[in-house]
Amino acid sequence: MLIGVSALGAPWAYLLFHSLPSRGAFLSAPIGLLLLHHVAWLGLSTKLFENGRGFVVGAVVVLVCFTMGLLGMFHWRRIEFRLTSRLWLVGVVGLIIMFAVGVALRWINPEISGTEKPMDFALLNAVLRASDVPPVDPWFSGESLNYYYVGYSVMGILIHLTDVTPAVGYNLALAVVLGLAAVVAGSAGYDISTLVGVGRLGRRTSGMLSGALVVVAGNLAVTREVLKGPAIDVNGFWQGIGWHASRTIQRETTEGLVDYTINEFPAFSFILGDLHPHVMALPFTALAVSAAVQWMIAGSTRAHEDRWLRLLSASLTGLILGALYSINAWDAPTFSGLVVVGAGLVAVGNAQRMRALGTDALIAMVTAVVLWLPYLLSYDPVTRSLGLVSVRSEAVDFVQVFGLLLLVVVVTLVMLMWRVRPDGRLLIGVIGGAAFVGVFIGGGEVLAVLAAILVLSGLAFFSYRDARGLAPLLWIIVVGVSLLTFVEFVFVDDFFGPPYERMNTVFKLHYQAWTLLAIASGPGLVLVWHRLRLVRSGSGRFGRMIFVGAFFPLVVLSVTYPIHASLMKAQASPVTGTLDGLAADRASRPTEVAVADWMRVRAPRNAVLLEAPGRAYSGDSRISTWTGIPTVVGWIQHQELWR
C-alpha cells in the first residue's frame, strides 16, 4: 500500500521539489498520502458519500486520473523525471525498512491503554466511521470534534484501504509515521549536504544521520542512569529513565515544584505509543523543511519558470502548510515562517525575486486557506493569549535534553564563522564569553547560552546568505534555536496553571526544535568532518581526534536510550507478540470487547452510547473508545480542554 501511494505521489513530489538535488524522489509517499487524503476528505465534506473502503478506493481512482493529467501537462519533464527513479527506489526501500522497525516496536509493545492512548484510539475510530467533516466527538454526543483530527483522518485512509481492524491499524499507523518521518528527514539532510558540496558518501551519510537523529536518537538524560553503575534502571519503564527522560527540565525550590515541563522527543513518542497529533505531524513538518530548502534555492529561477509549474508548486506548498494547521495547529506558524520568511530573507535586495516570491507566497497562503476551509470553519481554538515566563530552564537540565544537537550546532557555527574575516574569531570569543558570564549571573539558567547561540547562528546566516547550501542549513538552525529561546520568555496561556503554565508550550515547541536541529545536525556533522579532512597538517589530525572523542560517546548514549527504553516498555506491556492493541483487553474483558466489535460493525451511524462519565487517563468510556460511537460524555477533563 505504501509503495502504491508513493508511486502516485512521485510526479507531484517532483513538481514541488524540482530544484532540489533529489528532485523530491524521497518525498513521494507523504505527498501521495496527503493528496489521497485530501481528495477523500473533500468528498466527505460534501455530505454526499458514505465513508468506507469503497469510498476510499474511489478517491484513489480520482487521484490516479489527476496524476495522469499532470504527467500529460508536463510531458516535457518526463525524461528528467525518469532520472530520479533510482533515488525513488532507494526511498521506497528505506521506507519499508523503517516501517518494519516501527512494526517490530509495536509488536513487542502493542497495548492501547495508559496515558492518552484511549483518547487517540477514540478519535481514530470516530474518523473511521464518520461520513461528514468534522466528525462527531466520540466523548460528547451531538457535538462535532473541536480538535486536531486530520492526522487521524490521514491514517484512517490507510486503515480503510488495507481493511485491518482499528486496533491493528492504530499500531500500523505509528509504524507508518516512523517510516515516513525517517525517510523525509533523511531527504532534507541528503539535499542540504549535496548543495553544500560534499561527495556521494557524505551526502548518503548525512541523509542517514538526519533520519536517525530525528526518529531514533534519544536525549542524554540516560547519562545519569549510566553513571549509577551496572544496575541501570531497576525501576522499570514508568518509574525509571524510560518515562522520566521526557520529564527532565523541572525546577523545585524549598516550596515545592515551581516549573513542570514535558520534554518529549520522537524516539520516546514511538516507544510510548501515543498516536498524538504532534507525532502524526512529524513527517509533514519534515516535509515543510524540504519545502523551505526548495523555496530558498529556487529564488534565482522562480521568475523564469513556466507559470503553471509555479502555480501548482505554490499550491502544493499551501496544501502542506494548511495540513500542518489541521493535523497539529502548533506547527503551522513555525513551518510557514520557515518556508516563506526564509525565502524572503534570501531574496532581499533583488526586486525581481521579491516580486516573484510575493506572488508565490500569496498563492500558497490563499491555497492553504481555501483547501482546508471546511476545517477552518469548524475548528475554534481554545487558547488565544500569551503569558510571560517567570521560571526558566536550568542549563544542567537543558543539556540532558538537547546537549548532542546543540553541540553539533555550535561546532558547525564555529567552523563556519572561523572563516569569516576579519572579525569572525573575535565574535566567537566575545559571544562565548558573554554566554559564560550570563549563565553565572543568571544562577545557572540556560537562557544566556541559547541567546548566544542564536546570535551566532544569525550572524552566520547573514554571512552565508548567498550560499545555496549553507543558507538553508543555517536558517533551519536559526529557527530551531529561536524556538528554544522563545519558550524561555513566553508561553501560550492554556487550561493549566502554575507550575504547569508553560508545560504545553515547551512540549510542542521543543518537539519542533528537535526536528529542525536533528535534520540540520546530519549535514552539520558531515560538513565539519569534510572540512577537517581537508586540513592535512597535524592540527587536522588532532581536530579529527577531538571530533571523534567528543561525539562518539554522545552518540552511544543517545542510542542507549531507545534500546533500553524499548526493552523496559516491552517488559511493562501486558502482552507482546501481536499488533492487536486490544489483545490484553480481549483476555481480561472478553465479553466487553466482543460487544464493542459487534457494535463497531453493526451499529447505525447515528447511534449514541450511554456510559458513566470518564476520568482522564483511565479505562473509563472504553466502549465509545473502542467503537467511535459517541457517548453522552466521556473524559470530562478533555472536554474542558477542547471547549
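Among the residues of the range 583-620, write down those that are part of a loop (DSSP other than H, G, I, E, B) and either touching a Pro at 6+ places or on another chain (Cβ under 9 Å) or surrounded by fewer than 14 Cβ atoms within 10 Å (Cβ to Cβ) (or both).
Taking the range 583-620 as the starting set, the residues that turn out to be part of a loop (DSSP other than H, G, I, E, B) are 589, 603-608, 610-613, 615-620.
Within the range 583-620, Pro604, Arg605, Asn606, Ala607, Val608, Leu610, Ala612, Arg615, Tyr617, Ser618, Gly619, Asp620 meet the criteria.
Taking the range 34-61 as the search range and keeping residues that are open to solvent by 60 Å² or more (accessible area, probe 1.4 Å) and of a type in the set (A, V, I, L, M), which one is nearest to the chain's Cα centre (by Cα)?
Leu42
If you go through the range 133-143 one residue at a time, how many are open to solvent by 10 Å² or more (accessible area, probe 1.4 Å) and either in contact with a Phe, Trp or Tyr (Cβ under 9 Å, 6 or more places away or on another chain) or at pLDDT 95 or above (or both)? Show your work before the answer.
First pass over the range 133-143, keeping only residues open to solvent by 10 Å² or more (accessible area, probe 1.4 Å): 133-134, 136, 140-143.
Filter again for either in contact with a Phe, Trp or Tyr (Cβ under 9 Å, 6 or more places away or on another chain) or at pLDDT 95 or above (or both), leaving 133-134, 140.
Count: 3.
Quick check on the range 568-582: of everything there that is touching a helix residue (DSSP H, G or I) at 6+ places or on another chain (Cβ under 8 Å) and not in a loop (DSSP other than H, G, I, E, B), which residue is least open to solvent (accessible area, probe 1.4 Å)?
The qualifying residue least open to solvent (accessible area, probe 1.4 Å) is Lys569.
Kindly provide the set of residues from the range 613-642 that are of a type in the set (A, V, I, L, M, F, W, C) and either in contact with a Cys (Cβ under 9 Å, 6 or more places away or on another chain) or at pLDDT below 90 (or both), ordered by number.
Within the range 613-642, the subset of a type in the set (A, V, I, L, M, F, W, C) is 616, 623, 626, 629, 632-633, 635-636, 641-642.
Residues satisfying the conditions are Ala616, Ile636, Leu641, Trp642.
What about Leu8, is it surrounded by fewer than 24 Cβ atoms within 10 Å (Cβ to Cβ), among the hydrophobic types (A, V, I, L, M, F, W, C), touching an Asp or Glu at 6+ places or on another chain (Cβ under 8 Å) and outside any loop (DSSP other than H, G, I, E, B)?
Taking the combined requirement at face value, the residue does not satisfy it.
In this structure, does Ile79 turn out to be at pLDDT below 90 and either more than 21 Å from Trp308 (Cβ to Cβ) or open to solvent by 40 Å² or more (accessible area, probe 1.4 Å) (or both)?
Details: at pLDDT below 90: yes; either more than 21 Å from Trp308 (Cβ to Cβ) or open to solvent by 40 Å² or more (accessible area, probe 1.4 Å) (or both): yes.
Taking the combined requirement at face value, the residue satisfies it.
Have a look at Ser85, Ser19 and point out the one that is buried (at least 20 other Cβ atoms within 10 Å of the Cβ) and polar (S, T, N, Q). Step through it out loud before you land on a result.
Numbers: Ser85 fails: buried (at least 20 other Cβ atoms within 10 Å of the Cβ).
Answer to the check: Ser19.
Considering only the range 591-643, how many residues are closer than 25 Å to Ala329 by Cα, free of Cβ contacts under 8 Å to residues at least 60 places away in the same chain and β-branched (Val, Ile, Thr)?
1
Among the residues of the range 548-567, how many are touching a residue at least 60 places away in the same chain (Cβ under 8 Å) and open to solvent by 30 Å² or more (accessible area, probe 1.4 Å)? Give the derivation first.
Taking the range 548-567 and keeping what is touching a residue at least 60 places away in the same chain (Cβ under 8 Å), we get 550-551, 554-555, 557-562, 564-566.
Those still in the list that are open to solvent by 30 Å² or more (accessible area, probe 1.4 Å) too: 550, 554-555, 557, 559-560.
Total meeting the criteria: 6.
Would you check if there is a residue in the range 344-363 being under 11 Å from Gly322 (Cβ atoms), hydroxyl-bearing (Ser, Thr, Tyr) and assigned to a helix (DSSP H, G or I)?
Let us first name the residues in the range 344-363 that are under 11 Å from Gly322 (Cβ atoms), namely none.
No, the conditions are met nowhere in the range 344-363.
Of the conditions (1) within 23 Å of Gly322 (Cα to Cα); (2) without any contact (Cβ under 8 Å) to a residue 12 or more places away in the chain, Arg419 clears all except one; give me its number.
Checking Arg419 against (1) within 23 Å of Gly322 (Cα to Cα); (2) without any contact (Cβ under 8 Å) to a residue 12 or more places away in the chain, the one that fails is (1).
Checking the conditions here, which among Ala356, Ala281, Ala347, Ala329 is crowded, with 24+ Cβ neighbours inside 10 Å and touching a helix residue (DSSP H, G or I) at 6+ places or on another chain (Cβ under 9 Å)? Even if it seems obvious, please write down each step before you answer.
Values: Ala356 fails: crowded, with 24+ Cβ neighbours inside 10 Å; Ala347 fails: crowded, with 24+ Cβ neighbours inside 10 Å; Ala329 fails: crowded, with 24+ Cβ neighbours inside 10 Å.
Selected residue: Ala281, the only one of Ala356, Ala281, Ala347, Ala329 that is crowded, with 24+ Cβ neighbours inside 10 Å and touching a helix residue (DSSP H, G or I) at 6+ places or on another chain (Cβ under 9 Å).
Can you run down the residue pairs with Cβ atoms below 7 Å, 6 or more apart or on separate chains, where the first is in the range 48-65 and farther than 15 Å from Val133 by Cβ and the partner is surrounded by fewer than 17 Cβ atoms within 10 Å (Cβ to Cβ) and modelled with pLDDT under 95?
Going by the 7 Å Cβ cut-off, the qualifying pairs are Arg53/Asp163.
Of all residues in the range 368-394 being in a helix (DSSP H, G or I) and open to solvent by less than 20 Å² (accessible area, probe 1.4 Å), which is farthest from Pro553 (Cα to Cα)? Before the answer, list the steps.
Of all residues in the range 368-394, those in a helix (DSSP H, G or I) come to 368-371, 373-378.
With the extra rule that they be open to solvent by less than 20 Å² (accessible area, probe 1.4 Å), the set shrinks to 368, 375.
Numbers: Ala368: 44, Tyr375: 46 Å.
My answer is Tyr375.
Among the residues of the range 524-540, is there at least one that is hydroxyl-bearing (Ser, Thr, Tyr) and touching a residue at least 60 places away in the same chain (Cβ under 8 Å)?
So in the range 524-540, the residues hydroxyl-bearing (Ser, Thr, Tyr) come out as 537, 539.
With touching a residue at least 60 places away in the same chain (Cβ under 8 Å) added as a condition, the list becomes none.
No, the conditions are met nowhere in the range 524-540.
Rundown of residues vs (1) closer than 18 Å to Leu474 by Cα; (2) of a type outside the set (A, V, I, L, M); (3) open to solvent by less than 10 Å² (accessible area, probe 1.4 Å), yes/no style:
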site	(1), (2), (3)
Gly169	no, yes, yes
Ala173	no, no, yes
Leu180	no, no, yes
Ile192	yes, no, yes
Val196	yes, no, no
Ser206	yes, yes, yes
Ser210	yes, yes, yes
Val216	no, no, no
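The values are calculated or read from the model by the stated rules, or taken from the named source; none is laboratory data. Predicted model, so just to flag it, every value in this text is computed and none were measured. Positions of Cβ are generated from backbone atoms using ideal geometry, with glycine treated the same way; all protein chains shown enter the neighbour counts. Calculation scope for accessible area: heavy atoms of the full protein, side chains included, ligands and nucleic acids excluded. Shrake-Rupley method; radii C 1.70, N 1.55, O 1.52, S 1.80 Å.
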